1. Determine whether B:ALA389 is surrounded by fewer than 18 Cβ atoms within 10 Å (Cβ to Cβ), within 14 Å of chain A (Cβ to nearest Cβ) and among the hydrophobic types (A, V, I, L, M, F, W, C).
2. Taking segment B:26-58, which residues are within 28 Å of the chain's Cα centre (by Cα) and not acidic (Asp, Glu)?
3. So, in segment A:101-130, how many residues would count as being within 14 Å of another protein chain (Cβ to nearest Cβ) and surrounded by 17 or more Cβ atoms within 10 Å (Cβ to Cβ)?
4. Need the failing condition index for A:VAL95 against (1) outside the structural domain of A:ILE122 (by TED's automatic domain parsing); (2) touching a Pro at 6+ places or on another chain (Cβ under 7 Å); (3) crowded, with 18+ Cβ neighbours inside 10 Å, just the number.
5. Going residue by residue through segment B:334-346, is there one that turns out to be assigned by TED's automatic domain parsing to the domain that holds B:GLY75 and polar (S, T, N, Q)?
6. Could we say that B:GLU28 is farther than 26 Å from B:CYS117 by Cβ, in a helix (DSSP H, G or I), in the same structural domain as B:GLU112 (by TED's automatic domain parsing) and not small (Gly, Ala, Ser) here?
7. When only residues in segment A:19-69 that are within 21 Å of A:VAL111 (Cβ to Cβ) and among the hydroxyl-bearing types (Ser, Thr, Tyr) count, which is farthest from the other protein chains (Cβ to nearest Cβ)?
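The values are calculated or read from the model by the stated rules, or taken from the named source; none is laboratory data. Source: prediction; values computed, not measured. Here the Cβ positions follow ideal geometry from the backbone for every residue, glycine too, while neighbour counts run over all protein chains shown.
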Amino acid sequence: MKIKQLSVFVENKTGRINEVAQILGRHGVNMTAFSLADSADFGILRMIVSDVKQAEQVLREAHFGVSVTEVVCLSCSNVPGSLSNILDCLAKEQVFIEYMYAFSEGETARVVIRPTDLDRCIDILSRCSCHLMSRNTLDQM
Amino acid sequence: MIWNPSKECMSREQMRILQGKRLHKLVERVYHDTPFYRRKMQEMDVTPDDIRSVDDIVRLPFTTKQDLRDNYPYGLFASPMSQIVRLHASSGTTGSPTVVGYTRHDLAIWAEMTARCLSAFGTDRNDIFSVAYGYGLFTGGLGLHYGVEHLGATVIPMSSGNTAKQIKLLHDFGATAIACTPSYALYLAEAMAQTGIPRTEFRLKTGIFGAEPWTENMRREIEAKMGVDAYNIYGLSEVMGPGVSHECEYKDGSHIIEDHFLPEIISPDTLEPLPYGQQGELVFTTLTKEGMPLLRYRTKDLCSLTDEPCRCGRTNVRMSRIVGRSDDMLIIRGVNVFPSQIESVILEMEEFEPHYLLIVDRVQNLDSLEVRVEVRDGFYSDEISKMLALRQKLSARLQSVLGIKADIKLVEPYSIERSEGKAKRVIDKRILK
């Protein structure tokens, strides 16, 4: 199950991420998860949001450079070794991961994965009986 | 259409004779009426009688912008103020302004030569021009204005700024031609697209751009974005204003209005004249101007000349595009860098917007060149490595063109100032002693 992820190009300037957050807040867009990748003078803010289309539009209007990519989001139990089990499946099948980020709460952990080959990754994860999350289940969080 | 075939299609020999006669008369006049030139000529031991043909021009003194400043405001005028009917002045961003005075006759010539340009761009009395150059002390607005009227076409004296109104009037008045700086044209084209009004509702077909150097890539960009046939018009206020040279339908160099302006190319280092085809600094002698005639005015614009006949039928000398200015040329780590070189690399790459800013600095005695560019929508990525690859691609291309390494900084959309006049594209922070 593919989830749309919104990426925003931000220069390394104080307050820039807050501006993104403020704009989304003003338009009632909720962030389910996000991570920031950075380099020397810019960063890329990657987010899973409640309304990708609207978020993309309002950020574009505010002159942000944005792109939308698809990722896979899965949930697993928040215990030692559970992430390793999943990554083992992917490694065995030679699936390359560009980046991933995760967050956990109580007994559950959720992982966002951006593989090079998304379809193959989903296929393998399903066969490994991983719990893949849909847009709806994400919204209920 | 050729507006004035008898002047624009003269044989080279006839042109030389005409220029020689006019040069002699000019030198007589400035010798008698401009103390500045009399003194200079006396210092060089030259009298008006020594100047008989265009070949004798090398015996005459040069004039620089500094001379204009030193003789501020009216010191170089050759006509009494009772004969001067208009003044223009440069902005003076790099010192005190330079003032130019025109007699009634000068203005008539200016309007005629600008009409020649407009005619070469394929426009005629049926066209409606929006003149979006600044009106005022700058020669762009009024220069084009009277040219359009002389052509018999309709002029909208729009002036610069207020882009929303520009677009509304272009649309509502059914303008078929626009005159402005090329950087403003790009800005305007973007703004037009943002209004959502379909291009078919505009009647614009011709764009007349000048007052700052631009490139072939920029032409393509403007033509694609604005949907006009884009022509170069060249001029400078010290010499007259817009209309000193112009392109024709072949867009293969700009035809110089040679019966009024005698061009030369010199080496900016040795000041020796260079033959046709060689690149150097463009120098003009105003053959017929009365208000403020200039001998061998150094434009600081770098280009080359050719007297090869043009397919359009005009026989006058053509100048290449301005490749840079001998005074805004950046010397970075000992290497000559022209912003126009950097611009053409950026314009060649679809991944970037055509706007850029160069920041030159000196850190620990080492020059640095930073190039700020915006990534074009559609080329942003969620991966740092892809963004870095974009940057590397530009860096490699720049290095191959410039011979030095530039630090590329990717900046957010619209963070580089869109200019409504001459674009400020270089910030040189070095303090050179």
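1. Yes.
2. Within segment B:26-58, B:LEU26, B:VAL27, B:VAL30, B:THR34, B:PHE36, B:TYR37, B:VAL54, B:ILE57, B:VAL58 meet the criteria.
3. 5
4. Unmet condition: (1).
5. Looking for residues that are assigned by TED's automatic domain parsing to the domain that holds B:GLY75 and polar (S, T, N, Q), one finds none in segment B:334-346, hence no.
6. yes
7. A:SER50
For (1) acidic (Asp, Glu); (2) part of a strand (DSSP E or B); (3) farther than 22 Å from B:SER159 by Cβ; (4) not assigned by TED's automatic domain parsing to the domain that holds B:GLU350, each residue gets a yes or a no:
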site	(1), (2), (3), (4)
B:MET218	no, no, yes, yes
B:ILE222	no, no, no, yes
B:GLY235	no, yes, no, yes
B:GLU249	yes, no, yes, yes
B:TYR276	no, no, yes, yes
